[in-house]
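First comes the structure, then the notes that go with it.
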Amino acid sequence: MCLIVFAWRPGHAQPLVVAANRDEFHARPSLPLAPWEDAPWIIGGRDLQAGGTWMAATADGRFAAVTNIRAPGQPAGRRSRGELPERFLRGQQSPGDYVAALADHRDEYAGFNLLLGDRNELWYLNAHTGRPQALESGVYGLSNAALNTPWPKLKKAREALADELDQPAPERLLMLLADPHPAADHELPQTGVPLEWERRLSSIFIASADYGTRASTALIRHADGALEIVERSFGPPGLLGEVRYRHPPSR
């Protein structure tokens, strides 16, 4: 997952609203959004290469997502970052306890940002700083640096999300995730990759033959416990499919 914008609003009718794009090489195998066969309370996509997930939720209120930190030359981790959301969603540990325990052995993984929570709290951990952070109400953005790092695509997506919060709807969230326009060269961050890659990675939605946005996901958690998730999957030819999940199911 390479771009997540989200609103955390405890006490609101929709306390959690998330719009996220997962960017990855097209050759990496994965499964689209669905309840997991071996853990049907978890709803999300699955990585078939290293295991785990980039973003998933449970019907009873838990949520987790991970992004990598773009830092060329950083050591590879001994363990897959995709297990970080999975372990939280399979367990019963509180969000704060989970990230506090993880902070002590975060060097087992390549650089990551972890976002996770339940109906009552939302936490963030950046592997480079190692300081768990309980998030207050607000609108946030996360890509491949730290929380709210003002990369052009993150600022654009965060502002677009803020404009939708009066009446958030999955279709509108997916629309903001579909923006293919790259940033101007003078706005590009310098993250250690070649200029061609900085340009390619600067758009909210990335399309190319070998690497790009593989999934766009809109998630809305309602105060009454209802959960809506819509995911669109993409490949080099374009849209591959759409999955809609709601709990409890609409009548």
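The values are calculated or read from the model by the stated rules, or taken from the named source; none is laboratory data. Bear in mind the structure is a predicted one, so any value in this text is a computation, not a measurement. Positions of Cβ are backbone-derived with ideal geometry, glycine not excepted, and every protein chain shown enters the neighbour counts. Just the protein is used for accessible areas: all its heavy atoms, side chains included, with ligands, DNA and RNA removed. Shrake-Rupley method; radii C 1.70, N 1.55, O 1.52, S 1.80 Å.
For every helix of n ≥ 4 consecutive DSSP H residues, a contribution of -39,500 (n - 2.57) applies; sum these over the chain, divide by its total residues, and give [θ] at 222 nm rounded to the nearest 500 deg cm²/dmol. Intermediate values should be presented prior to the final figure.
On the way: 5 runs with 44 residues, N = 251.
The per-residue figure over the chain is -5000 deg cm²/dmol.
So if a site counts as exposed when it's one of the GluC sites (Glu not before Pro), its DSSP state isn't H, G, I, E or B, and it has at most 10 other Cβ atoms within 10 Å, what's the longest stretch of the chain without one?
Numbers: sites that count: 37, 136.
Between exposed loop sites, the widest span is 137-251.
With labels modelled as points extended 7 Å from the Cα through the Cβ direction, what inter-label distance (nm, one decimal) is found for residue 196 paired with residue 240?
2.4 nm
Evaluated at 37 °C with a viscosity of 0.692 mPa s, what Stokes-Einstein diffusion coefficient in µm²/s does segment 205-251 have when Rh comes from the Kirkwood expression over alpha-carbon pairs? Don't skip to the end; give the middle numbers.
Values: Rh = 12.0 Å.
The estimated diffusion coefficient comes to 273 µm²/s.
Please state the charge dipole magnitude for segment 9-163, taken about the Cα centre, from unit charges on C-beta atoms (+1 on K and R, -1 on D and E), reported in debye and rounded to the nearest 20.
On the way: 18 positive and 17 negative charges, 86 e Å.
Rounded to the nearest 20 debye, it is 420 debye.
Mind putting a number on the dipole of segment 121-217 about its Cα centre? Charges go on the C-beta only, +1 for Lys and Arg and -1 for Asp and Glu, and I need it in Debye to the nearest 20. Don't jump to the answer; show the numbers that get you there.
Values: 9 positive and 13 negative charges, 48 e Å.
The calculation lands at about 240 debye.
What figure, in Å² to the nearest 10, do you get for the accessible area of residue 175 with a 1.4 Å probe and non-protein molecules left out?
120 Å²
Specify the inter-centroid distance of segment 16-62 and segment 179-247, based on alpha-carbon positions, in whole Å.
Answer, in whole Å: 14.
So, in Å, what gap is there between the alpha-carbon centers of segment 72-116 and segment 132-175?
Comparing the Cα centres of segment 72-116 and segment 132-175, I get a distance of 22 Å.
Simple spin-label model, 7 Å along Cα-to-Cβ: residue 48 to residue 79 in nm?
For the pair residue 48/residue 79, the computed spacing is 2.5 nm.
Relative contact order of the chain, please, whole-number percent, based on alpha carbon pairs below 8 angstrom and at least 6 residues apart. Walk me through the intermediate numbers first.
Values: 567 pairs, mean separation 57.9, N = 251.
Rounded, it is 23 percent for the chain.
So if we plug the beta-carbon distance of residue 41 and residue 93 into 1/(1 + (r/R0)^6) with R0 = 22 Å, what FRET efficiency do we get, rounded to 0.05? Spell out each step's value before the answer.
On the way: r = 15 Å, r/R0 = 0.69.
Here the calculated transfer efficiency is 0.90.
Can you send over the solvent-accessible area of residue 119, 1.4 Å probe, protein chains only, in Å² to the nearest 10?
130 Å²
Would you please classify the overall shape of segment 1-113 from the alpha carbon gyration tensor, given that a ≥ b ≥ c denote the square roots of the eigenvalues, rounded means a/c under 1.5, and beyond that prolate means a/b larger than b/c while oblate covers the rest?
Details: a/c = 1.42, a/b = 1.25, b/c = 1.13.
Since a/c stays below 1.5, the shape of segment 1-113 is classed as rounded.
Step through the residues of segment 37-54 one at a time and calculate ³J(HN,Hα) from phi using the Karplus curve (6.51 cos²θ - 1.76 cosθ + 1.60, θ = phi - 60°), rounding each to whole Hz and writing x for Gly and Pro.
Calculated HN-Hα couplings, in order: 5, 8, 8, x, 7, 9, 10, x, x, 9, 7, 8, 8, 10, x, x, 8, 9 Hz.
I need the shape label for segment 113-251. Rule: rounded when a/c is under 1.5, else prolate if a/b > b/c, else oblate, with a, b, c from the alpha carbon gyration tensor. Could the numbers behind the result be given before it?
Details: a/c = 1.93, a/b = 1.23, b/c = 1.57.
It is oblate, given that a/c is not under 1.5 and a/b is not larger than b/c.
Putting +1 on Lys and Arg Cβ atoms and -1 on Asp and Glu Cβ atoms, find which of 188, 36, 173 reaches farthest to the positive end of the dipole of the chain.
Farthest along the dipole direction, towards plus: 36.
Taking all pairs of different Cα atoms in segment 3-247, averaging 1/r and flipping that mean, what Kirkwood radius in angstroms comes out? Present the calculation step by step, with values, prior to reporting the outcome.
Values: mean 1/r = 0.0556 Å⁻¹.
About 18.0 Å, per the Kirkwood formula over Cα pairs.
Taking 0.36 nm per intervening residue step and subtracting the Cα-Cα distance, what contour gain separates residue 159 from residue 146 on full extension? Provide the component values of the computation, followed by the final result.
Working: separation 13, 0.36 × 13 = 4.68 nm, distance 1.75 nm.
So the extension gain works out to 2.9 nm.
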